[in-house]
Amino acid sequence: MEIIYDKTAFKLSYNNSRSDMYHMLTKREKEILLILKDNDYSRAKQISNIIEVSEKTVRNDILSINNKLVDVASILSKTKFGYYLKIEKEDRFLEILHECESGIPSTPQQRIDYIIKLFLTENRYIKTEEIANMLYQSSSTISTDLRQVRKKLKQYQLSLETKPKYGMMLKGEEKHLRELESDLLYKNRDIIDDKVHNTLVNILHDVMNTYHFQISEYAFNNLVIHLVITIHRIEQGNQIKLSINYFEDIQKKLEYTIAKDIANRIHSELNVILPEIECAYISMHLLGKKIQSDKENIVIPQKYSVLIQKLLIELSREFQINFTKDLNLQLALSLHLIPLVYRLKYDLRMENPLLDSIKKNYPHAYIITTSLAYGLSKEFNKELSPDEIGYLTLHINLSMEKEFINIRKKNILLVCATGRGTAKLLEYQYRQKFDSWINRLKCCDAASLADQDFKEFDFIFTTVPIEIPVPVPVIETSFILDEDETNKIEKTIEKDPSMISYFPEGLFFNNLDLQTQEEVINFLTKQVSKFYKVPADFKDLVWKREKRFSTAFDNHVALPHPYVPCTKETFASTVLLKEPILWGNKMVRMIFLLSISKEHDPNIQTFYGKLSKLLVNDALLDKLLKHPTNDFLLQILNGIKL
């Protein structure tokens, strides 16, 4: 696929390589070229006998070849002699013949991509037989490919309209056609004409700097592609359509002024006129791409702040993680909401190049964010795409990481002999060696130990014997921390709580022959009710969560759980299936049914952290499948370092 630049503007041709436009030659046309290449003259009748078609068809094919090989070669006729081939660019002609033979799509996916490009570019009715002839395939093979093409087009709300005796034509709204065109360009970003690309990049850089308008690098490149497509569609006689209400609203915004400036520069440097409606469409993209910095004097609408606070309260209740105390998260989500609302309002896509990585590396944060996305979808009556959920996940995951760091830090009480100097020296040693693990460090002597509030501390480290009982782990140490003492303390502080209480032996099931998601959920909810006191609607709460967003991951794992915490204890039940089953739209073989305690669990972040580490580690999951026991699962989880 390449973008070809001419003196007035540039035209877009969808090709897989620089010669793909010649792949539009049909099988017969290529055969005619090869016949004429090997002979000085050939009459239409001779050619028709060789390729077994009528002379009229041969003449029509020759006319088509001449239209396609302009400036490279042409087929001419000479009275009494017949047709002959005149090659103007020998090297290019030979290259075309070679590349036409080697570049024909061979795999089903290659053919599907080719057919989509063909319909998008040709803007006419095309018959199945014509495509089959182009691709050297049978009509039945192309018919099979077309079924997949229709599925792909449906994702963009596009369709192939069939007209008897004429063939098929691509139909749909202009904005959806542009989305499809955008995705085709993103797959082949290195094929955009350098001159055009550099011109648009320079225009955008200049205009953005003039208005101090900030967008991300990815959004910037996205905007360049958008402008490429806009110009191409305008040259084809296609314009975007917008509601008059949207148009009038957008004209009042700074982004419209910026878009007009961009359009004026494009007219000046590329000689292409962008109508006002296209300027408004560019404005919509700018509104949806602008970076909202907390360092700028930006007024966040109160309704956004209130909405985020409300959703974080619900999120905290569902997952027993206190997101409400993270003011930075509230601010980040409120700022994120400003351009997001425009994207939802104007049905703009914001692709997320990190989506697969986010889902793989932060699976639990992604699951949590789907609940946040559900609340936003209800508020704005628009479903959030996985790309948008991925962006929100980054904020949620950062908050979870910060909270986990805080939880892992310990509150320590140091008990030593009387003497302010010795206490200060001991405190200095601990801060120097274990600062990254300490949240609060307090010193006292043995005499004042009984006056301490032990609820405030995780450990007591003492250099003197403690005679009174205390409800906190006590570790005796030397006054001088040598290497052995340091290692002992590190192991004590670093040690995570065991996972054994969360994964009971009786709730691990291997090699189950269950066929559907419903069967699995029915089985698991019945089993957990034998071990724990669960509410009567426990299964309904699990399904309520699944109906919001599927809890299946891309690595054959699912993590179903109730919509809200509803049990006294936090626990998990594990199922390893005999064969994978469909869970939502993904295949799943390993299922962990979770239930989070409705009461405070001080180790919940450790539970989440270790389980998340397991979910993203395919090697550990494979080991569990090879050693399918609860003991081995606990061995894996307890061995994971956070």
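Against the chain, whose longest principal axis comes from its Cα atoms, helix 483-494 is set at around 70 degrees. Legend: residues V228, V616, sorted from most to least accessible area (1.4 Å probe; ligands, DNA and RNA excluded), read V616, V228. Protection proxy ranking of 78-85, 339-346, 379-386, by the mean of other Cβ atoms within 10 Å over each peptide's residues and highest first, is 339-346, 379-386, 78-85.
So, by mean Cβ neighbours within 10 angstrom, what's the order for 593-605, 477-489 with the highest one leading?
Values: 593-605: 17.2, 477-489: 13.3.
Those peptides, ordered most packed to least, come out 593-605, 477-489.
Most simply put, the chain has about 55% antiparallel DSSP beta bridges, counting only bridges with both residues inside it.
Principal axis extents of the Cα atoms in region 309-439, from largest to smallest and rounded to whole angstrom, are 70, 29, 23. If you plug the beta carbon distance of F531 and T486 into 1/(1 + (r/R0)^6) with R0 = 51 Å, you get a FRET efficiency near 0.75.
Computed over region 230-374, the percent of Cα pairs more than 23 Å apart is 50. If you take the alpha carbon atoms of region 440-481 and fit the smallest convex hull around them, that volume is 81 Å³ per residue.
Subtracting the Cα-Cα distance of K568 and R431 from their residue separation scaled by 0.36 nm leaves 45.5 nm. Spatial offset of region 244-323 relative to region 537-571 amounts to 35 Å, using the alpha carbon center of each. Rounded to the nearest 500 deg cm²/dmol, what is the calculated helix-only ellipticity per residue at 222 nm for the chain, with -39500 (n - 2.57) per DSSP H run of length n ≥ 4? That calculation yields -17000 deg cm²/dmol at 222 nm. With semi-axes defined as the square roots of five times the eigenvalues of the C-alpha gyration tensor, the equivalent ellipsoid of region 481-565 measures 37, 15, 15 Å, largest first. At q = 0.10, 0.14 Å⁻¹ the log10 of I(q)/I(0) for region 553-642 amounts to -0.26, -0.52, computed by Debye summation with a single uniform scatterer per C-alpha, solvent ignored.
How large is log10 I(q)/I(0) at q = 0.09, 0.13, 0.20 Å⁻¹ when the Debye formula is applied to the Cα atoms of region 388-545, each weighted equally and without solvent? Here log10 of I(q) over I(0) equals -0.54, -0.80, -1.24. Helix 217-235 and the long axis of the chain differ in direction by around 20°, with both axes built from C-alpha atoms.
Compute, for the chain, the length of the dipole vector about the Cα centre, with Cβ point charges of +1 (Lys, Arg) and -1 (Asp, Glu) only. Units Debye, rounded to 20. Provide the component values of the computation, followed by the final result.
Values: 86 positive and 86 negative charges, 339 e Å.
Taking the Cα centre of the chain as origin, the dipole is about 1620 debye.
Let me see the P(r) profile for the chain: every Cα-Cα distance counted, bins of 20 Å, each bin given as a percent of all pairs. Distribution as computed: 15, 34, 31, 15, 4, 1, 0 percent. In this structure, D554 and H205 have a Cβ-Cβ separation that, at R0 = 60 Å, corresponds to a calculated FRET efficiency of about 0.95.
Accessible area of the chain with a 1.4 Å probe: how many percent of it is carbon plus sulfur? Each step should come with its number before you reach the end.
Working: 15660 of 32000 Å².
In the chain, the share of accessible area belonging to carbon and sulfur is 49 percent.
Computed from Cα atoms alone, the Kirkwood hydrodynamic radius reported for region 136-269 is 17.5 Å.
Relative to the present Cα-Cα distance, how much length would full extension add between D387 and H600 at 0.36 nm per residue of separation? Mind dumping the intermediate values first?
Details: separation 213, 0.36 × 213 = 76.68 nm, distance 3.29 nm.
That works out to 73.4 nm of additional length.
Extension gain for K163 to Y136 (0.36 nm times residue separation, less C-alpha to C-alpha distance): 7.4 nm. What angle do you read, to the nearest 10 degrees and between 0 and 90, between the alpha-carbon axis of helix 630-639 and the longest principal axis of the chain? Orientation of helix 630-639: about 90 degrees from the principal axis. Here the dipole of region 238-325 is about 300 debye; that uses its Cα centre as origin and unit charges on the Cβ of Lys and Arg (positive) and Asp and Glu (negative). Probing with 1.4 Å while keeping every protein chain in the model, the per residue accessible area of the chain equals 50 Å².
The values are calculated or read from the model by the stated rules, or taken from the named source; none is laboratory data. Since this is a predicted model, take the numbers as computed values, not measurements. Counting neighbours? That spans all protein chains shown, and the Cβs are built from the backbone with ideal geometry, glycine included. When the accessible area is computed, the model is the full protein with side chains, heavy atoms only, and any ligands, DNA or RNA have been set aside. Shrake-Rupley method; radii C 1.70, N 1.55, O 1.52, S 1.80 Å.
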